[in-house]
1. How many residues are β-branched (Val, Ile, Thr) and within 19 Å of Ile61 (Cβ to Cβ) when one looks only at segment 3-26?
2. How many of the residues making up segment 3-60 are open to solvent by less than 20 Å² (accessible area, probe 1.4 Å), assigned to a strand (DSSP E or B) and either of a type outside the set (Phe, Trp, Tyr) or farther than 18 Å from Met93 by Cα (or both)?
3. Touching a Lys or Arg at 6+ places or on another chain (Cβ under 6 Å), surrounded by fewer than 16 Cβ atoms within 10 Å (Cβ to Cβ) and in contact (Cβ under 8 Å) with a residue 40 or more places away in the chain - does that describe any residue in segment 82-103?
4. Could you grab me the full set of residues in segment 61-71 that are within 12 Å of the chain's Cα centre (by Cα) and either assigned to a strand (DSSP E or B) or surrounded by 14 or more Cβ atoms within 10 Å (Cβ to Cβ) (or both)?
5. Is one or more of the residues making up segment 72-80 modelled with pLDDT of 95 or more, outside any loop (DSSP other than H, G, I, E, B) and open to solvent by 40 Å² or more (accessible area, probe 1.4 Å)?
6. Need pairs with beta-carbon distance below 7 Å; first residue closer than 18 Å to Met86 by Cα and within segment 21-50, second part of a loop (DSSP other than H, G, I, E, B) and open to solvent by less than 40 Å² (accessible area, probe 1.4 Å); sequence gap 6+ or separate chains.
Amino acid sequence: MDVKRTAYAASSTASIQNAKSNALFCAKPGTTVTWKSTGKDIGFVVDVGPASPFDPPGAIIGGSDRERSVKASKPGCYKYSAGACMSGATSGMCGTANAELIITAGGN
């Protein structure tokens, strides 16, 4: 998943062909999901809330120089927020997006 700062907000986009920003994505349990930012000097936080479907649970914090990988573990439908900020920028350079993901009930 690529988390970017856009002109007015943020976006998260699956690394698959023809993916759209902030679109619903699905993963099977056991799938490793890598969150990163291909934008220059961008830091991000992805929050799925207290019932995170990932191991390890909790906020996913990374940036342009720091990918974070988590493993899909709990089937269900989840909403998440992705925030992205440009490093060293003044106020107004952060943005947020909301999106959804599904961890399917089937295994690998």
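1. Step one: of segment 3-26, the residues β-branched (Val, Ile, Thr) are 3, 6, 13, 16.
Going one step further and asking which of them are within 19 Å of Ile61 (Cβ to Cβ), we end up with 3, 13.
Final tally of qualifying residues: 2.
2. 11
3. Yes, some residue in segment 82-103 is touching a Lys or Arg at 6+ places or on another chain (Cβ under 6 Å), surrounded by fewer than 16 Cβ atoms within 10 Å (Cβ to Cβ) and in contact (Cβ under 8 Å) with a residue 40 or more places away in the chain.
4. Initial filter on segment 61-71 (within 12 Å of the chain's Cα centre (by Cα)): 61-63, 67-70.
If the condition is that a residue be within 12 Å of the chain's Cα centre (by Cα) and either assigned to a strand (DSSP E or B) or surrounded by 14 or more Cβ atoms within 10 Å (Cβ to Cβ) (or both), then Ile61, Gly62, Gly63, Arg68, Ser69, Val70 are the ones that fit.
5. yes
6. Trp35/Met1; Phe44/Ser37
The values are calculated or read from the model by the stated rules, or taken from the named source; none is laboratory data. Since we're looking at a predicted model, the values are computed, not measured. When we count neighbours, we look across all protein chains shown, and the Cβ atoms used for this are built from the backbone with ideal geometry, even at glycine. The protein model used for the area step is the full one, side chains on, heavy atoms only, and it has no ligands, DNA or RNA in it. Shrake-Rupley method; radii C 1.70, N 1.55, O 1.52, S 1.80 Å.
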